[in-house]
1. Can you find, within the range 596-636, the residue that is farthest from Q296 (Cα to Cα) among those that are assigned to a loop (DSSP other than H, G, I, E, B) and hydrophobic (A, V, I, L, M, F, W, C)?
2. Write out, first by first residue and then by second, each pair whose Cβ atoms fall under 7 Å of each other, whose residues are 6+ apart or on separate chains, and whose first residue, in the range 521-544, is in contact (Cβ under 8 Å) with a residue 24 or more places away in the chain while the second is among the polar types (S, T, N, Q) and part of a strand (DSSP E or B).
3. Here are A607, A526, A577: which of them is touching a helix residue (DSSP H, G or I) at 6+ places or on another chain (Cβ under 6 Å), surrounded by fewer than 20 Cβ atoms within 10 Å (Cβ to Cβ) and of a type in the set (A, V, I, L, M)?
4. Just the residues that are under 35 Å from the mean Cα position of the chain (by Cα) and either modelled with pLDDT under 90 or not assigned by TED's automatic domain parsing to the domain that holds G463 (or both), please, taken from the range 328-356.
5. When R592 is evaluated against the numbered criteria (1) out of contact with any helix residue (DSSP H, G or I) (no Cβ under 9 Å at 6 or more places or on another chain); (2) under 25 Å from T299 (Cβ atoms); (3) surrounded by fewer than 18 Cβ atoms within 10 Å (Cβ to Cβ), which criterion, by number, is the only one it fails?
6. Which of the residues spanning the range 556-574 are touching a Gly at 6+ places or on another chain (Cβ under 7 Å) and modelled with pLDDT under 95?
7. Can you tell me which residues in the range 382-412 are among the hydroxyl-bearing types (S, T, Y) and either crowded, with 18+ Cβ neighbours inside 10 Å or on the phi > 0 side of the Ramachandran plot (or both)?
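The values are calculated or read from the model by the stated rules, or taken from the named source; none is laboratory data. Remember, it's a predicted structure, so these values are computed and weren't measured experimentally. All Cβ positions, glycine included, derive from the backbone under ideal geometry; neighbour counts span all protein chains shown.
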Amino acid sequence: MTDATVRVIIIRMAKIYLSPTKNVDLTNAIHMAEPWSKNHPFSYPMSAARANMYDILVKDKEGKHLAGQVGFQSSRGLRYIIYGLKPEYRGKGLAEQAAKMALRKHQKDRLIVGVINKTNKPSLKLISRLGFQKLPDDQELEARRIGLIPENSDWFYYPPSFHTTKVAEAAPGIPSRSEYGNLSQLSDLIGQLTDFIEHEHEARRAGLHTDLRLAGPEGLYSWAVRKGIPQEPGKSHLAIQQPLHDPAYGSFEGEIPEGQYGAGKVKIRNKSKVLINSVDYDTDGNVAKLGFSLDQAGTPQRLMLSRYKDNQWLLINTTPTVTAADTGFKKPRMRIIRDSELDKYIEQVSKDTPASAKIDGGLGLIRFLKRKAEVLSYRTSVTGDPIYHTERINPRLLAGLNVPKSLQGQVAAGEIHGLKGNQAIPIQELGGIMNSSLAKSRQKIEAENIQMRVALFHLLDRGDLTREQKAQILGQAVDLVPDTFTLPPSVDTPKQARGLLNKIVSGKYPLTSEGMVFDTSPTTKAKYKHFPETDVIVRNILPGEGKYKGTHAGAIQYSLTPEGSIVGNIGTGLSDALRKDLWDNQANYLNRVARIKHQGQFPTSQAFRVPVLLALHEDYPQVKDDRTDWGPEIMERLSGK
């Protein structure tokens with residue numbers, strides 16, 4: 001890529017501002033240098049007192065730069081639009097952006113006209129893109145006769161400034177049929193939620209189709225998609241970009257009358273939120289791709305708008321389909337350390353067999369691709385589909401990363417957790433974030449200033465890497481996105497291990513209250529938990545009473561094995577948010593593995609004394625059919641050991 005091409009891209013992507021000016025010397029100099037300037041209907045140089053001009057300022061990393069001027073000159077009872085750029089800023093779309101901004105500032109002005117020399121082809125194209133229209137033939141002759149239009153020039157008027165013929169009005173909410181908006185401004189919204197509207201439009205001319213609208217700084221960016229949103233990953237539908245709509249149009253439903261642009265019936269099919277994931281540019285600096293995720297639980301539906309040509313785009317369903325099983329990853333089995341064995345494991349701690357805090361979180365897999373990283377739940381949905389948490393953990397993982405080649409294609413395991421300050425959020429609160437819809441998750445994360453993290457502790461073993469090489473690759477992952485990926489805090493001496501355990505048991509360690517993990521060998525691990533905890537199967541959701549009646553769950557009924565009898569209820573440890581979601585989405589929780597703490601077990605009924613829900617396991621598949629992995633404790637019960 002040449003330096004000139006890079007400069008074009010920088011200028012196209014740069015933000016521009018208009019600032020009122022009292023000095024029009026730049027405009028005078030630009031226009032006086034043009035051979036056709038002497039034929040303009042008013043003579044140069046013009047004065048600042050008679051002009052309403054703005055400086056066009058381009059902002060980049062080095063600051064703001066004066067690129068040109070745009071505005072209006074009054075003459076003979078009319079308002080003439082004027083624009084001019086320094087030579088180095090021409091041909092990059094700045095004049096169009098600036099002129100549109102100026103017209104919006106003066107949209108209530110009437111009789112705005114432009115007079116363009118017929119040899120000035122760039123300006124002739126620009127004036128048309130700005131929404132100006134040619135003067136009708138009969139009135140053009142009269143204007144030339146009285147000297148309003150100089151020889152070899154064309155006259156244009158800006159609707160609704162100088163209507164002399166009946167033209168089709170725009171649909172409600174469209175300021176201009178030629179204004180499509182600057183999509184590059186969506187770059188500022190990467191990683192943020194914005195409004196999404198799906199209109200069903202039964203147009204008289206275009207027929208039944210779907211209008212998709214994304215809210216941005218300028219209004220609603222719009223596309224017409226005859227076949228609607230493609231529902232299958234990998235499928236694409238043609239999308240035709242439409243004029244920019246006012247934000248208020250997002251609530252419009254009704255009939256657009258005959259004679260107006262888009263005449264027909266309009267109704268809202270969906271009004272929700274989307275998360276902007278990525279904005280990519282072509283070599284000319286134009287937006288070429290726009291990625292976003294639709295609000296829903298589980299894996300958000302991902303869509304990509306990819307420019308095909310001109311205002312034609314392809315709307316592509318890019319929702320990932322790779323499951324944990326597809327990666328070849330198998331969860332490392334960890335032996336449970338009993339109290340009587342703890343001292344032996346502590347004494348074995350060394351640099352070769354370190355120990356670390358068992359972070360309160362949920363197991364996730366991280367797939368490192370060429371330009372992004374994906375955070376994938378180890379479990380699957382009730383339908384067997386993968387559950388991706390990438391947008392919940394850090395949406396910017398999808399915005400374009402410079403992933404080292406040694407990291408590309410690698411799959412790591414990590415403990416997903418959240419921090420408020422340096423304190424880990426409770427595991428149940430984390431579960432609420434992971435199981436809520438995308439919008440609710442992101443809104444809670446941002447409102448409560450929660451920092452989502454993934455502590456990487458294991459790399460998929462392909463048999464060709466040493467322990468040191470695996471550690472080096474995990475270190476590269478941390479360096480790639482240090483505000484998201486971390487390594488579990490570890491110790492490598494018995495003294496350090498005892499000190500860490502004492503902090504955890506006393507509740508003074510901010511990341512966990514669970515226990516520790518011991519690397520007993522380069523390939524095996526064991527874990528110690530300092531309080532009684534067990535796994536059970538969610539079999540039924542009981543209705544709430546009192547303030548919860550009819551709206552929230554009251555308790556969870558559980559069994560010890562998937563097909564075993566229900567042995568007890570869990571009514572403690574459920575937050576109001578979880579009770580609500582349990583009641584509204586029962587199918588998403590039945591047959592899930594739940595973690596509880598308790599005060600022992602009744603010998604006859606097998607129920608646990610005073611059970612308290614710790615969390616719904618994020619580590620095991622939810623799919624009902626052909627399920628083979630219920631976790632080590634449940635599998636041990638099934639085997640009769």
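1. Only one residue tops the list, namely F602.
2. Listed pairs, sorted by first residue: V536/S559; I537/S559; R539/Q557; R539/S559; N540/Q557; L542/Q557; L542/N569.
3. Only one candidate qualifies: A577.
4. Scanning the range 328-356 gives G328, F329, K330, K331, P332, R333.
5. Unmet for R592, out of (1) out of contact with any helix residue (DSSP H, G or I) (no Cβ under 9 Å at 6 or more places or on another chain); (2) under 25 Å from T299 (Cβ atoms); (3) surrounded by fewer than 18 Cβ atoms within 10 Å (Cβ to Cβ): (3).
6. Listed by number, the list holds a single entry, G571.
7. Passing the criteria: Y388, T390.
Yes/no per residue for (1) assigned to a strand (DSSP E or B); (2) over 37 Å from the mean Cα position of the chain (by Cα); (3) under 25 Å from S381 (Cβ atoms):
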{"site": "V538", "(1), (2), (3)": "yes, no, yes"}
{"site": "A555", "(1), (2), (3)": "yes, no, yes"}
{"site": "V567", "(1), (2), (3)": "yes, yes, no"}
{"site": "K580", "(1), (2), (3)": "no, no, yes"}
{"site": "N591", "(1), (2), (3)": "no, no, yes"}
{"site": "A594", "(1), (2), (3)": "yes, no, yes"}
